[in-house]
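Every number here is computed from the coordinates shown, using simple stated rules; none is lab data. Just so we're clear, the structure is a prediction, and the values are computed from it rather than from any experiment. All Cβ positions, even for glycine, are placed from backbone atoms using ideal geometry, and neighbour counts span all protein chains on display.
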Number of protein chains: 2
Amino acid sequence: MSSGAGRCLEGMPCFSDITISLDGYVAGPNASLEEPLGRGGEELHDWLIATKAFRDRHGGEGGEDNADSRLVEANVARIGAVVMGRRMFSGGEGPWADDPNPNGWWGDDPPFHVPVFVLTHHAREPLRLGDTTFTFVDGFDEAFATAREAAGDREVHVAGGAEAIQEALAGGMLDELQLHVAPLFLGGGTRLFAEGAQADVELTGAVSSPAVAHLTYSVSRRA
Amino acid sequence: MSSGAGRCLEGMPCFSDITISLDGYVAGPNASLEEPLGRGGEELHDWLIATKAFRDRHGGEGGEDNADSRLVEANVARIGAVVMGRRMFSGGEGPWADDPNPNGWWGDDPPFHVPVFVLTHHAREPLRLGDTTFTFVDGFDEAFATAREAAGDREVHVAGGAEAIQEALAGGMLDELQLHVAPLFLGGGTRLFAEGAQADVELTGAVSSPAVAHLTYSVSRRA
């Protein structure tokens, strides 16, 4: 655990997957408490909500049993713990006492069902909602070290948002990045890759349905 | 030819294809006369230069006879005329007398082999280099009308750059957009889709080689 601290270890991979618009945004313009994904941003996930895997997991019925659904199912089975940014958790920043949404976006029964580690510089006791425990950690190194422990023999998943994924990529903490490219334009908002984003990647595959194209990359670790 | 003027007509489709980095750039930072694709930008086209189709067309030997090569070959066979922006032609702007590169980037034997229409507000006589004639036209409507005539029963190809493709998309002038997503980051430069880009598209397919992912979209015409 010495030199590898804060990074994924061999045999304990980390991955991330996120949906982006064709013009590269993970959220549309004017994101707010009422509209966390900004104008048009909800449509990013139309492909996901249409899948059988998503419906099964959220107590719904039906859904399409297609390549998208099988990918979602396979991803869910890989995840032993989740790391996410503060804004993906609640939209807030700064001290928790000032956060208008301190229990997060995810409702009383969050969809994670595994331990979630939220990146924040502001200390807070863990929060249990449904069968998901949110633990608040300061910095990626601590988040990864604890998430790795929690993940058991499954993988750590960097759920987002854009900043967290960029930081994980730049830090050589990811082994795999999956981009789900939704066939729509948002025209503004939060780009997944801000200016200066860098990583060494190899393309390992592309599959699509009419609803979305999935691009998978392996990411080189950095020393 | 009345109401359709300036737009592609049924049975006379227009398409565009362009290579972008994973972070969405068509050229890297600090593009210049010496380095027209900016820092790192040449690598965007590594996949293309590696294909047999490209080598055949440019008098080279060898090259990979793979899915990438077949796509290039199929695209080339579709093209009857090309529309491109002024910067893609020469990098210049303003009056031609002030353009440091008035005969363009493309050398004495440009790789087009079909009529090329260059968008510019500055009038100029046509320029013939090798078997390619460059005609200088003011505005998309005129460019499309003349390119359509020149294309015969083949298609009009909007070659780039980013601005020309955005304008064609926004104007409902394209039927198809192919994005070749190269597995690299440029970290800055010219984005294909600036803020405000909009179009209605449908994903029609995704294929990949280890070198690049090809995403194909059909674009809705606008009234």
Note, the range A:70-80: 3J(HN,Hα) by Karplus (6.51, -1.76, 1.60, θ = phi - 60°), whole Hz, Gly/Pro = x, goes 5, 5, 4, 4, 5, 5, 4, 5, 7, 8, x
Amide H contacts under 5 Å for residue A:51, restricted to residues at least 5 apart in sequence or on another chain and with H modeled in the peptide plane, are A:64
Going from the fewest other Cβ atoms within 10 Å to the most, one would list A:108, A:56 as A:108, A:56
Residue A:49 versus residue B:221: modelled label distance in nm, points set 7 Å from Cα along the beta carbon direction: 3.2 nm
Percent of beta bridges antiparallel (DSSP, chain A, rounded to nearest 5): 45 percent
Need the full-extension length gain, residue B:97 to residue B:74, defined as separation in residues times 0.36 nm minus the C-alpha distance. One decimal, nm. 4.5 nm
Inter-label distance for residue B:195 and residue B:61, nm, one decimal - labels placed 7 Å from Cα along Cα-to-Cβ: 5.3 nm
Percent of Cα pairs exceeding the 35 Å cut-off, where the set is the protein assembly as shown: 35 percent
Among A:133, A:15, A:112, whose Cα sits farthest toward the positive end of the charge dipole of chain A (+1 at Cβ of Lys/Arg, -1 at Cβ of Asp/Glu, about the Cα centre)? A:15
Residues with amide H under 5 Å of residue A:27's amide H, sequence separation 5 or more or different chain, H placed in the peptide plane at 1.01 Å from N; which? A:190
³J(HN,Hα) across the range A:29-44 via Karplus (A = 6.51, B = -1.76, C = 1.60, θ = phi - 60°), whole Hz, x for Gly/Pro? x, 6, 4, 8, 4, 6, 9, x, 9, x, 5, x, x, 4, 5, 3
Between copies, how far apart are the residue B:59 label points? List them in nm, one decimal, shortest first, with each point 7 Å from Cα toward Cβ, please? 7.1
The range A:181-223 - Rg (one decimal) and Dmax (whole number), Cα, Å: 13.3, 39
Based only on other Cβ atoms within 10 Å, what is the fewest-to-most ordering of B:49, A:18? B:49, A:18
Could you pull out every residue, at least 5 positions away or on a different chain, whose amide H is within less than 5 Å of the one on residue A:82? Hs are placed 1.01 Å off N in the peptide plane, and Pro or chain starts have none. A:116, A:117, A:157
How do B:218, B:16 line up, fewest other C-beta atoms within 10 Å first? B:218, B:16
Cβ crowding within 10 Å averaged over residues, with A:66-72, A:161-167 ranked highest first: A:161-167, A:66-72
In Å and from the alpha-carbon atoms only, list the Rg and Dmax of the range A:60-217. 16.3, 44
Nearest 5 percent is fine: what portion of the DSSP beta bridges confined to the protein assembly as shown is antiparallel? 45 percent
